[in-house]
Amino acid sequence: MPGNPQVYGDGSTDYEKYIRTQELFKLQKGPSEWANEEELLFQSVHQSMEIWLKVVIQHAEQAAKWMEGDNLRDAARFLTRAARIIEFLAGSLKFPMSIAPWDYHKIRMGLGKGSGQESPTFSRLLDIGKPLLAAFEGVLKRRKATVDAVHQDPAGNRDLYDLTIAMAEFDQEFMHWRYRHFQVVKRIIGDGVLSLKGIPASSLEKHANSAMFPDIWAVINRTTNAYNAKYRPQGGGGYTTAKT
Ligand code: HEM
């Protein structure tokens, strides 16, 4: 068998046929191709991220369709679930974090100029913010609402408020993933070196703080200021920042 992949079972049961276990196992390098005993983990974390991000993209696209049809409850449900999947993926970055840098370099030798930056699902995810935001703004427009008004009366706008929070969670978990990934990079190659693409690894750090939906974060500052202005008309200061 080429590369000697570890293939378990014989593929004959209904479970194996449905899951397509034989084909699945063969998508991974076998022991004779591994740079070392860490490579199966490295390849598995990447391959499973591609599959899970496919689910995240489907959920985000479906959420946008539901928003366009004013089905806010299901849109919020799918966006929140997508956020939980991204959170789970960020958690799974703990596994490669324990690869010793010296051992990772042996795997890295086989990557060519390959980089996670070329991940097709990750690239698609970076583009998904625009249609999601357009769908969300469409809902606000039809409801003659603003994110500020929704935040200042969450109980009176329950469905819109829950949707706004689902958008924020999606954004938050994506930034968390990027932050966790930056931590992996710091642990394994360092933040003072160039990536295989010749980009400083430290450039990943600023992405970890760049929101897909900046106004969904800025409204929280405005809500604090609005509350302060209403209940403390004499002022009190200290609440206004450059981000409002
Ligand atoms: C094991 C140690 C890892 C190292 C040293 C590493 C290193 C890097 C570096 C340096 C970049 C910057 C892009 C470039 O190459 O120019 C990058 C980007 C990326 N990597 Fe990794 N990576 C690691 C693990 C992972 C894992 C396990 C995943 C996925 C499960 C992953 C997914 C990505 C993605 C999606 C990007 C683009 C990130 C962004 O734009 O914020 N990486 N990686």
Go through the stretch 98-110 residue by residue and tally those that are surrounded by 13 or more Cβ atoms within 10 Å (Cβ to Cβ), within 9 Å of the ligand (Cβ to nearest atom) and assigned to a helix (DSSP H, G or I). 3
When both residues are 6+ apart or on different chains and their Cβ atoms are under 9 Å apart, which pairs have a first residue that lies in the stretch 157-179 and is over 16 Å from Ala64 (Cβ atoms) and among the hydroxyl-bearing types (Ser, Thr, Tyr), and a second that is at pLDDT 95 or above and within 16 Å of the ligand (Cβ to nearest atom)? Tyr179/Ala90
For Trp52: the one exception among (1) among the hydrophobic types (A, V, I, L, M, F, W, C); (2) part of a helix (DSSP H, G or I); (3) farther than 21 Å from Leu93 by Cβ: (3)
Report, by residue number, each residue of the stretch 24-48 that is farther than 24 Å from Phe122 by Cα and loosely packed, with under 12 Cβ neighbours inside 10 Å. Ser32, Glu37
Filter result for Leu79 (in contact (Cβ under 8 Å) with a residue 60 or more places away in the chain, crowded, with 16+ Cβ neighbours inside 10 Å and either among the polar types (S, T, N, Q) or out of contact with any Cys (no Cβ under 9 Å at 6 or more places or on another chain) (or both)): yes
Give the residues of the stretch 202-222 that are in a helix (DSSP H, G or I) and either in contact with a Pro (Cβ under 6 Å, 6 or more places away or on another chain) or of a type in the set (S, T, N, Q) (or both), sorted by residue number. Ser203, Asn221
Looking for whichever is over 19 Å from the mean Cα position of the chain (by Cα) and either closer than 30 Å to Pro101 by Cβ or in a strand (DSSP E or B) (or both) here; the options are Lys144, Lys197. Which one fits? Lys197
If you scan the stretch 175-206, which residues turn out to be within 7 Å of the ligand (Cβ to nearest atom) and modelled with pLDDT of 90 or more? Arg178, His181, Val184, Val185, Ile188, Ile189
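The values are calculated or read from the model by the stated rules, or taken from the named source; none is laboratory data. The model shown is predicted, which means the values in this text are computed figures rather than measured ones. All Cβ positions, glycine included, derive from the backbone under ideal geometry; neighbour counts span all protein chains shown.
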